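Chemist: Take this structure first; my questions come after.
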Amino acid sequence: MNAVEIRNVTKTFGALTAVGDLSLNVPAGSVYGFIGPNGSGKTTTLRMIMSILLPDSGSIRVLDEERQEAATDRIGYLPEERGLYRRMKVRDVLRFYGKLKNRGNVSRDVDHWLEKLDLTEWADKKVETLSKGMSQKVQFIAAVVHRPDLVILDEPFTGLDPVNTDVLQQAVLELQANGATVIFSTHDMSTAETMCDFIFMIFKGRKVLDGTLTEIQDRYGTDTGRVRIDGDAAPLHDIPGVERVTDRGQLQELRIADDCDSQDILTVIASRARVRHFELARPSLHDIFVRIAGPEAEEATSA
Amino acid sequence: MRKTILVALRDYNAAVRTKGFIIGLLVMPVMLGGSILVIKLTEDRVDTTDRRIAIVDRSGAVAPALVEAAERRNESDIYDEETGKKVRPACILEIVEPNEDDIEAQRLELSDKVRAGELFAFLEIGKEVVHPGDDADAARITYHSENPVFDDERHWLVHPINDRLRSVRVAEADLDDETVVRLVRWMPVEGLGLITLDEDTGEVKDADASEFEAIGIPYVMMMLMLMLIMATVNPLIHSVLEEKMQRIAEVLLGSVRPSQLMFGKLLGALGVSGTMISFYIIAA
């Protein structure tokens with residue numbers, strides 16, 4: 001069963017096609033990662049799933065409901081731009097958002113999540129006194145306090161320190177373990193690789209990747225060589241059959257042309273420098289992303 | 001409906017449970033009372049300096065009558081009937097010979113005198129005002145001053161000018177003013193209620209027109225509506241702006257329909273204004 005079914009959806013803003021003829025199935029109980037450069041259509045797609053925006057054409061079925069409004073109370077949503085009433089107390093704002101989802105008494109859930117995310121002592125403080133990271137955690141609680149079947153998180157980990165990122169990632173995985181479907185967008189490829197059952201990439205409004213990480217990587221084959229040599233990376237340049245050299249600090253990543261034998265490349269490198277490490281691997285999600293979206297996207301994901 | 005009420009309650013609580021609301025609740029009557037007091041204290045502080053107005057009468061038929069009317073007004077209408085104190089400025093009219101050779105130069109000269117404070121205003125009466133013809137300019141009556149829109153003198157002059165024009169026209173028709181006034185007397189239609197029967201006495205009661213019902217109730221209702229709008233619109237705009245600026249609206253729209261959100265906000269704002277009005281009614 002699919003939690004979300006998107007069928008040939010198109011959304012335009014004036015002359016700009018934000019999402020073009022998109023079809024996508026999100027299986028129930030999965031963690032689905034939306035990746036793509038800025039302005040590629042991720043947020044527009046998430047907003048259409050939430051019925052905040054309506055598609056120009058096509059259809060979206062959410063939690064087995066043709067009319068998404070019918071499923072609204074079973075969905076939790078964390079928007080890209082956080083929205084909390086600054087003058088309300090943390091506990092009050094969470095209760096308000098929980099009640100809006102037709103959950104009668106959410107007090108116990110509110111307390112549970114506040115404790116879980118280490119916010120109990122802030123429960124009776126006003127939102128305006130919270131730091132950015134704490135506000136983000138409160139916003140996350142607001143999205144999940146009503147125990148939704150589908151959780152949509154638009155860039156949930158942006159701006160968080162590593163400790164809080166880990167806390168929220170664990171919380172997301174627990175939601176999945178409890179049966180919820182989680183869709184989240186991210187610019188962090190390693191997060192998508194480690195957390196997502198399925199990854200969907202949208203670029204210029206079009207779907208360019210969709211599947212498990214393994215399926216996606218299989219499409220590109222074992223075309224990546226990871227090398228560590230003594231000295232700098234200069235000996236790795238201008239090797240026949242190497243299309244690109246990416247400096248990863250301790251490792252150098254080589255993209256090997258399809259018709260080239262990796263043994264020949266290793267021989268050339270060994271003739272130029274002392275090789276400490278050489279392995280053949282499938283390309284990382286980051287590499288695949290950059291191959292599709294180009295150097296601008298690389299800057300965006302590295303930032 | 002439940003979600004609408006939740007939105008309304010949140011907005012209501014957010015507005016009412018603030019120091020600003022309580023301070024506003026107490027300050028508004030103080031400000032209203034203060035402004036009424038200021039008006040009361042300053043109502044007799046009218047500039048009663050005599051106002052000299054030049055009249056250029058190209059028709060030759062109006063100016064003398066205006067001077068007489070102004071003299072009559074200056075003798076009685078500008079004084080308080082009870083105290084005899086001067087409460088309005090006297091209107092002193094000066095007839096100026098029209099300069100037919102250079103009309104523009106004369107207008108400029110008179111305007112300069114107004115600017116210099118020698119005159120308060122000047123009035124120009126067209127040549128054909130008694131019998132307006134095809135030449136619209138010749139039938140114009142113009143009043144020139146620094147603030148022509150707000151001058152009481154301009155509004156007063158309208159009556160003696162038209163009285164005089166009517167008299168001239170009536171005299172030419174070989175009638176007298178009194179007859180004409182009688183002929184064109186305007187009859188109003190009075191608005192009354194229904195005739196009722198007193199069940200105790202059997203007496204048929206005449207319909208009456210209560211001033212309060214006719215004017216007072218609509219006036220009070222209008223003031224209440226004004227207060228309602230003033231008290232509703234400000235918090236509503238503030239709330240909508242806050243939700244828009246801080247991206248709260250997007251979170252809310254993940255839970256409620258736009259119509260529920262707006263209706264809830266409207267209900268909340270109405271609750272705020274209702275609270276204000278109830279407070280004042282109870283306090284009164």
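Chemist: Return the residue satisfying two criteria in turn: it lies in the stretch B:3-42 and is among the hydroxyl-bearing types (Ser, Thr, Tyr) and farther than 16 Å from residue B:262 by Cα, and of such residues it is nearest to the other protein chains (Cβ to nearest Cβ).
Modeler: In this case the residue turns out to be B:18.
To keep it simple, each residue is scored yes or no on (1) under 20 Å from residue A:193 (Cβ atoms); (2) touching a Leu at 6+ places or on another chain (Cβ under 9 Å); (3) surrounded by fewer than 14 Cβ atoms within 10 Å (Cβ to Cβ).
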| residue | (1), (2), (3) |
| --- | --- |
| A:224 | yes, yes, no |
| A:240 | no, no, yes |
| A:251 | yes, no, no |
| A:269 | no, yes, no |
| A:275 | no, yes, no |
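Chemist: Being at pLDDT 90 or above, within 31 Å of the chain's Cα centre (by Cα), among the acidic types (Asp, Glu) and in the same structural domain as residue B:65 (by TED's automatic domain parsing) is the requirement here; does residue B:94 meet it?
Modeler: yes
Chemist: Look at residue A:58 and say whether it is open to solvent by 10 Å² or more (accessible area, probe 1.4 Å), part of a strand (DSSP E or B) and either within 11 Å of another protein chain (Cβ to nearest Cβ) or not basic (Lys, Arg) (or both).
Modeler: Yes: the conditions hold for residue A:58.
Chemist: Same structure again: Might you let me know whether the stretch A:106-120 holds any residue that is within 14 Å of another protein chain (Cβ to nearest Cβ), over 26 Å from residue A:162 (Cα atoms), outside any loop (DSSP other than H, G, I, E, B) and open to solvent by 40 Å² or more (accessible area, probe 1.4 Å)?
Modeler: No - not one qualifying residue is present in the stretch A:106-120.
Chemist: Please go through (1) more than 27 Å from residue A:9 (Cβ to Cβ); (2) assigned by TED's automatic domain parsing to the domain that holds residue A:25 for residue A:241 and return the number of the only condition it doesn't satisfy.
Modeler: Failed condition: (2).
Chemist: Quickly run through the stretch B:149-175 and pick out the residues that are open to solvent by less than 80 Å² (accessible area, probe 1.4 Å) and either among the hydrophobic types (A, V, I, L, M, F, W, C) or not in a helix (DSSP H, G or I) (or both).
Modeler: B:151, B:156, B:157, B:158, B:161, B:165, B:168, B:170, B:171, B:173
Chemist: What about residue A:235, is it in contact with a strand residue (DSSP E or B) (Cβ under 9 Å, 6 or more places away or on another chain) and more than 30 Å from residue A:159 (Cα to Cα)?
Modeler: Answer is yes for this residue.
Chemist: Let me ask you something else. Looking at the stretch A:198-222, which of its residues are surrounded by fewer than 20 Cβ atoms within 10 Å (Cβ to Cβ) and either over 17 Å from residue A:36 (Cα atoms) or among the small types (Gly, Ala, Ser) (or both)?
Modeler: Residues satisfying the conditions are A:211, A:214, A:215, A:218, A:219, A:220, A:221, A:222.
Chemist: Moving on. Looking at the stretch B:71-83 only, could you name the residues that are modelled with pLDDT under 90 and open to solvent by less than 50 Å² (accessible area, probe 1.4 Å)?
Modeler: B:78
Chemist: Consider the stretch B:49-68. How many of its residues are open to solvent by 10 Å² or more (accessible area, probe 1.4 Å), under 30 Å from residue B:137 (Cα atoms) and touching a residue at least 12 places away in the same chain (Cβ under 8 Å)?
Modeler: Within the stretch B:49-68, residues that are open to solvent by 10 Å² or more (accessible area, probe 1.4 Å), under 30 Å from residue B:137 (Cα atoms) and touching a residue at least 12 places away in the same chain (Cβ under 8 Å) number 9.
Chemist: Looking only at the stretch A:156-181, which residues are over 16 Å from residue A:117 (Cα atoms) and open to solvent by less than 20 Å² (accessible area, probe 1.4 Å)?
Modeler: Result: A:180, A:181.
Chemist: Now for a different question. Could you run through the stretch B:247-266 and say how many residues are within 7 Å of chain A (Cβ to nearest Cβ) and surrounded by fewer than 17 Cβ atoms within 10 Å (Cβ to Cβ)?
Modeler: 2
Chemist: Evaluate the stretch A:85-93: report whether one residue or more is within 20 Å of residue A:181 (Cα to Cα) and either within 9 Å of another protein chain (Cβ to nearest Cβ) or not in a helix (DSSP H, G or I) (or both).
Modeler: The answer is no, given that none of the residues of the stretch A:85-93 is within 20 Å of residue A:181 (Cα to Cα) and either within 9 Å of another protein chain (Cβ to nearest Cβ) or not in a helix (DSSP H, G or I) (or both).
Yes or no, residue by residue, for (1) open to solvent by less than 50 Å² (accessible area, probe 1.4 Å); (2) of a type in the set (S, T, N, Q); (3) assigned by TED's automatic domain parsing to the domain that holds residue A:43; (4) more than 20 Å from residue A:6 (Cα to Cα):
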{"site": "A:71", "(1), (2), (3), (4)": "yes, no, yes, no"}
{"site": "A:77", "(1), (2), (3), (4)": "yes, no, yes, no"}
{"site": "A:81", "(1), (2), (3), (4)": "no, no, yes, yes"}
{"site": "A:84", "(1), (2), (3), (4)": "yes, no, yes, yes"}
{"site": "A:87", "(1), (2), (3), (4)": "no, no, yes, yes"}
{"site": "A:95", "(1), (2), (3), (4)": "no, no, yes, yes"}
{"site": "A:101", "(1), (2), (3), (4)": "yes, no, yes, yes"}
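Chemist: Before we move on, is residue A:125 assigned by TED's automatic domain parsing to the domain that holds residue A:160 and over 20 Å from residue A:161 (Cα atoms)?
Modeler: yes
Chemist: Go through the stretch B:92-118 and count every residue that is out of contact with any Phe, Trp or Tyr (no Cβ under 7 Å at 6 or more places or on another chain) and either part of a strand (DSSP E or B) or open to solvent by less than 20 Å² (accessible area, probe 1.4 Å) (or both).
Modeler: Final tally of qualifying residues: 6.
Chemist: Scan the stretch B:229-246 residue by residue and report those that are part of a helix (DSSP H, G or I) and surrounded by fewer than 18 Cβ atoms within 10 Å (Cβ to Cβ).
Modeler: B:229, B:230, B:233, B:234, B:237, B:238, B:240, B:241, B:242, B:244, B:245
Chemist: Scan the stretch A:130-138 and give yes if some residue there is under 28 Å from residue A:28 (Cβ atoms), in contact with a helix residue (DSSP H, G or I) (Cβ under 8 Å, 6 or more places away or on another chain), surrounded by 23 or more Cβ atoms within 10 Å (Cβ to Cβ) and more than 14 Å from every other protein chain (Cβ to nearest Cβ), otherwise no.
Modeler: yes
Chemist: Look at the stretch B:123-148 and say how many of its residues are assigned to a helix (DSSP H, G or I) and under 27 Å from the mean Cα position of the chain (by Cα).
Modeler: 0
So that you can scan it fast, the table gives a plain yes or no per residue for (1) modelled with pLDDT of 90 or more; (2) part of a strand (DSSP E or B); (3) in contact with a Phe, Trp or Tyr (Cβ under 7 Å, 6 or more places away or on another chain); (4) of a type in the set (Gly, Ala, Ser):
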site: A:9; (1), (2), (3), (4): yes, yes, no, no
site: A:25; (1), (2), (3), (4): yes, yes, no, no
site: A:34; (1), (2), (3), (4): yes, yes, yes, no
site: A:43; (1), (2), (3), (4): yes, no, no, no
site: A:51; (1), (2), (3), (4): no, no, no, yes
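The values are calculated or read from the model by the stated rules, or taken from the named source; none is laboratory data. All of these numbers come straight from a predicted model, not from anything done at the bench. Note: ideal-geometry Cβ built from the backbone for every residue, glycine included; neighbour counts use all protein chains shown. Quick note on the areas: whole protein, heavy atoms, side chains included, nothing else; ligands and nucleic acids left out. Shrake-Rupley method; radii C 1.70, N 1.55, O 1.52, S 1.80 Å.
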